[in-house]
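First up is the structure itself, then whatever we jot down about it.
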Amino acid sequence: MATPYFTISSCQYVLCQNEVNMKLYLHQVVQGPNKNQEAMVPSSHPLGFGTVAVNDWTVIDGPNPNAKIVARAKGMHIMADQAGAGWYTSLLIIFEDGRFKGSSLQALGITASTGEFAIIGGTGEFKMARGTIKYNLLLSTPNFESIRELNIQAFYTPETPPAAQGTVTVANATGGQA
């Protein structure tokens with residue numbers, strides 16, 4: 001009989017988890033003076049399959065391109081669809097403002113008009129985060145800019161026990177109440 005390649009152990013305790021829900025907006029600028037992405041590896045494929053780009057997209061607190069920046073989505077995206085516009089995206093959303101300043105969420109998925117990213121980790125207040133980011137394209141000016149509404153739902157392990165935290169309801173990264 002072969003030795004199994006894994007072991008399963010029961011938990012001795014259950015970690016306390018917090019849930020955060022945010023509505024934010026991702027602002028992607030492809031061209032112009034405020035450009036926040038750059039193609040690093042071009043492709044000879046007719047639809048750009050294999051193109052690799054890096055991004056430093058802004059995450060803002062409203063749908064207007066001039067809304068307050070609360071975070072940046074840094075990462076890369078790769079054209080991973082030979083038949084259409086399926087960009088595989090890996091990004092780290094690093095909060096720059098408000099209660100979550102310095103904390104981050106790691107997300108990945110396929111970028112399209114609408115869809116969902118998986119939250120696979122986090123740092124700072126979002127330590128051990130998991131969840132989803134559902135997104136919807138609100139504005140698209142082809143080959144110039146786009147704005148996506150982000151509906152973030154994440155569960156994370158707080159640094160301090162619940163008794164020390166009190167009750168907090170968070171609607172967005174600037175600490176607004178729901």
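The values are calculated or read from the model by the stated rules, or taken from the named source; none is laboratory data. Here the structure is a predicted model, which means the values were calculated and not measured. Ligands, DNA and RNA are stripped out before the accessible areas are found, and what is left, the full protein with its side chains, is counted by its heavy atoms. Shrake-Rupley method; radii C 1.70, N 1.55, O 1.52, S 1.80 Å.
Observations on the structure shown:
- Table column - 3J(HN,Hα) (Hz), segment 39-45, Karplus curve with 6.51, -1.76, 1.60, x for Gly and Pro: 6, 9, 10, x, 10, 8, 5
- Per-residue SASA remark: residue 108, around 50 Å² accessible (1.4 Å probe; ligands, DNA and RNA not included).
- Within the accessible area of segment 18-160 (1.4 Å probe), percent carbon and sulfur: 55 percent
- Under the Karplus curve 6.51 cos²θ - 1.76 cosθ + 1.60, θ = phi - 60°, whole-Hz ³J(HN,Hα) for segment 88-104, x wherever Gly or Pro sits: 6, 10, 10, 9, 10, 8, 9, 6, 10, 9, x, 4, 9, 3, x, 7, 9
- In sequence order, segment 52-66 has phi-based couplings of 10, 10, 10, 9, 9, 5, 8, 10, 10, 8, x, x, 7, x, 9 Hz under the Karplus curve 6.51 cos²θ - 1.76 cosθ + 1.60, θ = phi - 60°, and Gly or Pro positions carry x.
- Solvent-accessible surface (1.4 angstrom probe) belonging to residue 44, in square angstrom, nearest 10: 120 Å²
- Centroid-to-centroid separation of segment 55-74 and segment 111-151 [C-alpha atoms, Å]: 11 Å
- Accessible-area ranking of 130, 148, 99, 72, largest first, probe 1.4 Å: 130, 99, 72, 148
- Extension gain, residue 97 to residue 128, is 9.1 nm, computed as 0.36 nm per intervening residue step minus the present C-alpha separation.
- Solvent exposure of residue 123, expressed as accessible area, is near 70 Å², computed with a probe of 1.4 Å over the protein chains only.
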